[in-house]
Amino acid sequence: MKTFCFANSQIIESEKAKIHPMDIGLIRGYGIFDFFRTSNYSPVFLNDYLDRFIRSAEKTFLALDFGKEELSQVIHELIEKNDLKNGGIRMFLSGGVSENHFSPTKGSFFIFCEDLDFPSKDKYEKGVKLLALEHIRSIADIKTTNYAFPVWHSKIWKKEGAEDVIYHMNGQVSESSRSNIFIVKDGKISTPANHILHGITRKRLLELAPQTQIRNITLKEALNADEVFMTSTTKKVLPVTQIDELKIGNGHPGPITKKLLEEFTELEQKISV
Ligand code: PLP
C-alpha cells in the first residue's frame, strides 16, 4: 500500500521524499526529531509532543517554518491519508546543507507515518533486563537525532540478553537509551531529575503519581530498589526485573509498576475514544 509523508511543505508519496547527502543531519548527526503514537486514529498527547519538538528546534537554533496549528493540521491529514489507526508518527528537522559543512542552516523538514510494535506480552509479564552502562547523553534535554552511541552499543546489550541499558555517571543514574527510569523503594516512587530527556510518558506518570520524588538517584539505589520500571512512547510502562546479573526486588514486576501501567493505559484509552 502507498504511504504518504509531509516533505518540502507538501504531502507526497513517502518513497519520493529526498534529502541532500551533504545535509549536516547526515554528515554531522545534527538534527532533531520527535515521535508519538496514534490510538484509534487519535494522535496521543499531540500537544505535548508538538511543544517539545518546537522547543528542540529553538534550542538547536534550527528554523521550523510551521507553527503548532499548522503541524497539527498536517498530522491529522496524514493520519487520514495513511489510514493510521494505531501507528507511529515521526517529525524530523535536519541541520541543513552548510557551506562549511558544519554550521546549521535551513534544514529539511519531514513528517512520516510508521507501523509500530510494542514489546511482547511476555516482557510486560516477566520484566526485562538492563545493562548498567557508564555514559551520559550530551544536551540530554533536547531530542536530537544523535543516537550513535546506543545504536553502536545495542549489539552488545542484545548479546547479553538485555532489553536496553541504564546510563549512570559518577554513581548517578540518568535514563535508558530511549526511555526514562523510575524506581520504587518502600512504596515511594522516584525518578532522576537531571541529564534526561523530559519524556512525555514520564510527564503523564508524574501526573498519575504526583507524590513521585524528582531527585538524584544513585545506581546503588536502583540496584537495591523494590521495583524499577522504564517509560517511553513505545514501551509505555515496562517493568525492569534485572540490572546486569542482579535481580530487582523479588525478580518479578511489582504492584506499583503494574498499577501505573494499568492507569496509564486507561488514561490513553479515555482520550482516544
Ligand atoms: N529518554 C530518551 C533518551 C529518549 O530518546 C526517549 C524517547 O525517545 C525517552 C527518554 C522517553 O520519552 P517519551 O516518553 O516522550 O517517549
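The values are calculated or read from the model by the stated rules, or taken from the named source; none is laboratory data. From a predicted model like this one, the values you see are computed outputs, not experimental measurements. FYI the Cβ positions are ideal-geometry reconstructions off the backbone, even for glycines, and counts take in every protein chain you see. Surface areas here come from the heavy atoms of the whole protein model, side chains and all, with no ligands, DNA or RNA. Shrake-Rupley method; radii C 1.70, N 1.55, O 1.52, S 1.80 Å.
Loop-located GluC sites (Glu not before Pro) in region 190-262 (DSSP state not H, G, I, E or B) with no more than 10 neighbouring Cβ atoms inside 10 Å: E245. Using the Cβ-Cβ distance between S72 and I12 with R0 set to 30 Å, the FRET efficiency works out to roughly 0.95. Potential lengthening of the chain between D244 and H153 amounts to 31.3 nm, from the contour at 0.36 nm per residue minus the alpha-carbon distance. Structure remark: mean-square fluctuation, Gaussian network model of the chain, C-alpha springs under 10 Å; the largest value among L62, L219, L208 belongs to L208. When the pairs K68/K259; K121/K185; K143/K220; K121/K247; K121/K220 are compared against a 22 Å limit on Cα-Cα distance, K68/K259; K121/K185; K143/K220; K121/K220 fall above it.
GNM on the chain, alpha-carbon springs under 10 angstrom: the most fluctuating residue among L130, L238, L246 is L246.
The fraction of Cα-Cα pairs per 5 angstrom bin, counted from 0 for the chain, comes to 1, 6, 12, 16, 17, 16, 14, 10, 6, 3, 0, 0 percent, rounded to whole percents.
When the Gaussian network model of the chain links Cα atoms closer than 10 Å, the mean-square fluctuations of I181, I139, I32 top out at I139. For region 54-113, the orientation-averaged shadow of the C-alpha convex hull comes to 4.6 nm² (one quarter of the hull surface). Taking the Cα centroid of region 41-115 and of region 224-249, what is the distance between the two, rounded to the nearest whole Å? Taking the Cα centre of each part, region 41-115 and region 224-249 sit 30 Å apart. Neighbours of V74, meaning other residues whose beta-carbon lies under 12 angstrom from its beta-carbon, give a summed charge of -3 when Lys and Arg score +1 and Asp and Glu score -1.
Rounded to the nearest 20, the size of the Cβ-charge dipole of region 121-271 about its Cα centre is 280 debye, with Lys and Arg at +1 and Asp and Glu at -1. Taking a Cβ cut-off of under 10 Å around T212, the surrounding Lys, Arg, Asp and Glu residues balance to a net charge of +2, with basic ones at +1 and acidic ones at -1. Other residues lying with their Cβ under 12 Å from the Cβ of G249 contribute a combined charge of -1, Lys and Arg counting +1, Asp and Glu -1. Between the Cα long axis of helix 68-81 and the first principal axis of the chain there is an angle of about 90°, rounded to the nearest 10. Each Lys and Arg adds +1 at its Cβ and each Asp and Glu adds -1 at its Cβ; summed about the Cα centre, the chain shows a dipole of about 360 debye. The stretch between N100 and N86 holds 0.9 nm of extra length on full extension. This uses 0.36 nm per residue minus the Cα-Cα distance. The alpha-carbon atoms of region 4-114, seen along their principal axes, cover 45, 28, 19 angstrom, with the largest extent given first. Partners of K81 within straight-line reach, counting lysines whose Cα lies under 17 Å from its Cα and excluding those fewer than 8 residues away in the same chain: K2, K16. Diagonalising the gyration tensor over the Cα atoms of region 212-273 and scaling each eigenvalue by 5 before taking the square root yields semi-axes of 25, 13, 10 Å, largest first. Among the protein heavy atoms, those of H101 account for about 80 Å² of accessible surface (1.4 Å probe, every chain in place). As a length-normalised measure over Cα pairs under 8 Å and 6 or more apart, the relative contact order of the chain settles at 18 percent.
Residues in region 204-211 carry Karplus couplings, in order, of 5, 5, 5, 6, 6, 10, x, 7 Hz; the curve used is 6.51 cos²θ - 1.76 cosθ + 1.60 with θ = phi - 60°, and Gly or Pro positions show x. Length gained on full extension, F61 to E134: 23.3 nm, using 0.36 nm per residue less the C-alpha separation.
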